[in-house]
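Single-structure report; data block below.
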Amino acid sequence: MIGNMSVFLTAEWRKLIIVQYEVAPKKLAPYLPKGLELDLYQGRCFVSLVAFLFDRVRVKGFAVPGHTSFEEINLRFYVRRREDDGSVKRGVVFIREFVPRRVIAWVAKRFYEEPYVAVPTSHKFGAKKDLVFARYAWQMGGRVHSLTASGYAPAQEIAAGSHEEFITEHYWGYTRRSDGSTSAYQVEHPRWETYRLQSYEIAVDFATLYGEEFGFLTDQLVSSVLLAEGSAVTVHSGARLQITPAGLPA
């Protein structure tokens, strides 16, 4: 169980491009933190490549000069944890997260053991008549990688029980620590709305970004692509899970 956690940061996540790939569960087993299980949608296991703008960032209520707006690109998968009271918390685990600020990456790795890497990044947003456009680019391994998507405005509510809802309605982040423990933090935001997709382009070398074990994704057909408007978010301070060994009382 996790007690009440204080607010760590507030921000806005805007113009999220979220690309889904179906994978075999065994591919993710080496990355699964203790005390969690994979969260499946209709028996299928997914990873998502996500790019978005991290905007209006305040840490503990303070805006840090030069660090209030930046891009983030991450590869994540979906997990769930059953608490001692029978409730289920659904969250994500990050395989790697790219940001442009060295300080952000250093702090996240040093103090929270989050898999952040600092690389050059950029974004471009646009709107024309009823179309909304977003493009993210980042550099690693001597090349530029990019995600681009456009959709029809206005944004629409996400249908209950849909694949879109499954992808966007995970409100916990989990991290496997070097000592074998698992830490967790809560993310709060309203239900997002998505734009009906018009087109997308994926120019990404997964092996360069995430290692040879994920290189197969470069040539794999996508399962779905979402373009979400995003919202204000609140990220709470993390805490280590108290994991009860199987068969013992909490």
Of the heavy-atom accessible surface of the chain (probe 1.4 angstrom), what whole percent is carbon and sulfur?
52 percent
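With the Cα gyration tensor of the range 175-230 giving a ≥ b ≥ c as the square roots of its eigenvalues, does the rule (a/c under 1.5 for rounded; else a/b larger than b/c for prolate; else oblate) give rounded, prolate or oblate? Mind showing how you got there, number by number?
On the way: a/c = 3.54, a/b = 1.13, b/c = 3.14.
The shape class here is oblate.
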Only residues of the range 173-203 count here: report those whose backbone N is under 16 Å from the spot 7 Å along Cα→Cβ of residue 222, or say none.
194-203
Applying 1/(1 + (r/R0)^6) with R0 = 35 Å to the Cβ-Cβ distance of residue 191 and residue 118, what FRET efficiency is obtained, to the nearest 0.05?
0.65
Using only Cα atoms, find the angle between the long axis of helix 102-112 and the longest principal axis of the chain, and express it within 0 to 90 degrees, rounded to the nearest 10.
20 degrees
Order by protection proxy (mean Cβ within 10 Å, highest first), peptides 42-51, 206-215:
42-51, 206-215
Loop trypsin sites (Lys or Arg not before Pro), the range 97-146, which have at most 12 other Cβ atoms in a 10 Å radius of their Cβ (DSSP):
129
With the crude spin-label approximation of a point 7 Å out along Cα→Cβ, what separation in nm comes out for residue 64 versus residue 27?
3.3 nm
Can you figure out the FRET efficiency of residue 103 with residue 205, using R₀ = 25 Å and their beta-carbon distance, to the nearest 0.05?
0.40
With R₀ set to 45 angstrom, the calculated FRET efficiency between the beta-carbons of residue 177 and residue 125, to the nearest 0.05, is 0.80
What number do you get for the range 102-241 when its Cα radius of gyration is normalised by 2.2 N^0.38 Å, N = residues?
1.20
Å² per residue, accessible surface of the chain at 1.4 Å
49 Å²
Between the alpha carbon centres of the range 179-238 and the range 71-120 the gap in Å comes to 11 Å
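The values are calculated or read from the model by the stated rules, or taken from the named source; none is laboratory data. Please read all numbers here as calculations on a predicted model, not as lab measurements. Heads up, the Cβs are rebuilt from the backbone with ideal geometry, glycines too, and the neighbour counts pull from every protein chain shown. Heads up: the accessible areas ignore ligands, DNA and RNA and are worked out on the full protein's heavy atoms, side chains in. Shrake-Rupley method; radii C 1.70, N 1.55, O 1.52, S 1.80 Å.
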